[in-house]
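To keep things clear, I will list the structure first and then write my remarks on it.
Read-outs: derived from the displayed coordinates by stated rules, not from any lab. What you are looking at is a predicted structure, and each value in this text was computed from that prediction instead of being measured. Counting neighbours? That spans all protein chains shown, and the Cβs are built from the backbone with ideal geometry, glycine included.
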Amino acid sequence: MNLLLPTSCIGCKEFQTATICQKCLKRLKDSQIQRCAQCALPIALHEINHLCIDCLKKQPPFDVTLCLDSYGGFLTEAIHSYKYQHQIAIAHGLLDAWLGIHPRGLQGSQSGDVILPIPMSQTKLHQRGFNQSWELCKLFSRKLKIKTNWKVLNRIHIEGDQVSANKQERAQRLINIFSISPDSIELIQNKNIVLIDDVMTTGATLSVIAQLLKDFGAQSVHNWVILRTPNKSPC
Ligand SMILES: [Zn+2]
Ligand SMILES: [Zn+2]
């Protein structure tokens, strides 16, 4: 019902009918910067092949990353309200903003075959009652007419403090917690997969999932993230 009534812009919060106002959309367009084609880190204009040094040194398993803006930019508050206060209306604004910035969806001639959420463990889902990635996924899927399915990727819950684990332990844990449902393999094989998430920080989770999808025969993996941290250190 809320969607039929005037709402507030996800950027400036001004009360109006669009989920993002023209002024904020222009601001978002104007703030677009050159980014690494593969991981979306900010890069200088002259970087070789439009890739950052990290991706040139070691190619991540995903092929492309698109984002709306940097974490810390003017949409950060909207992302927090969406994620932690479950203000689902914001997801509609994020979708509209996305279509304003990336009207063609997937870059190049490829089109996405399946759009998948970053899974949340059942334990965490019960605690939070909301998977921000899945809510975005449903909206994008409906609007862009790309199939989606929350059952393809699974995540098990691991007790313990991720923060106190060292980098290597964290990486190993990540590899162990994700899996693909055996009856979903056909959905992945030779397909162009889009992974959707709200914030990309180190890219470790997206890398592990992309590798898993490639191991099961995915043709390409594209990350669509709303905000990208401007550097790889966790925020
Ligand atoms: Zn606005
Ligand atoms: Zn990169």
In Å, what is the Rg of the alpha-carbon atoms in region 45-85, and how long is Dmax?
14.6, 41
Starting from the Cα-Cα distance between Ala171 and Glu77, subtract it from 0.36 nm times their residue separation and give me the gain in nm to one decimal.
31.0 nm
Counting helices only, and only those DSSP H runs with n ≥ 4, report the 222 nm mean residue ellipticity of the chain as the sum of -39,500 (n - 2.57) divided by its residues, in deg cm²/dmol to the nearest 500.
-10000 deg cm²/dmol
Go through region 18-79 and name the trypsin sites (Lys or Arg not before Pro) that are in a DSSP coil and have 13 or fewer other Cβ atoms within 10 Å of their Cβ.
Lys58
Dipole size in debye (nearest 20) for region 6-228 around its Cα centre, Lys and Arg Cβ +1, Asp and Glu Cβ -1?
280 debye
Quickly work out the Ala18-to-Lys58 label distance, labels modelled 7 Å from Cα along the C-beta direction, and quote it in nm with one decimal.
4.3 nm
The answer for Thr65, listing residues at least 5 apart or on another chain whose modeled amide H is closer than 5 Å to its amide H, is Gln38, Cys39, Ala40, Asn223
Which whole-number percentage describes the relative contact order of region 6-228, with Cα contacts under 8 Å and a sequence gap of 6 or more?
23 percent
Largest-first principal axis extents of the Cα set of region 10-71 (Å):
47, 24, 15
Quick one: P(r) of region 60-157 from all Cα-Cα pairs, 5 Å bins, percents rounded to integers, in order of increasing distance.
2, 11, 19, 24, 22, 16, 5, 1, 0
Gyration tensor on Cα atoms of region 167-227, a ≥ b ≥ c root eigenvalues, a/c under 1.5 rounded, else prolate if a/b beats b/c, else oblate, says oblate
Which distance in nm do the two modelled labels at Lys29 and Lys145 give, with both placed 7 Å along the Cα-to-Cβ direction?
2.5 nm
How do His46, His80 line up, fewest other C-beta atoms within 10 Å first?
His46, His80
The exposure ranking of Thr76, Thr19, fewest beta-carbon neighbours within 10 Å first, is Thr76, Thr19
Which whole-Hz ³J(HN,Hα) couplings does region 34-47 yield from phi under the Karplus relation 6.51 cos²θ - 1.76 cosθ + 1.60, θ = phi - 60°, glycine and proline marked x?
5, 10, 4, 5, 8, 10, 6, 5, x, 9, 7, 4, 8, 4
Evaluate Rg over Rh across the chain, taking Cα atoms for both radii and Kirkwood's formula for Rh.
0.95
Hits among lysines - C-alpha to C-alpha of Lys151 under 26 Å, sequence gap 8 or more where chains match:
Lys83, Lys124, Lys138, Lys143, Lys191, Lys214
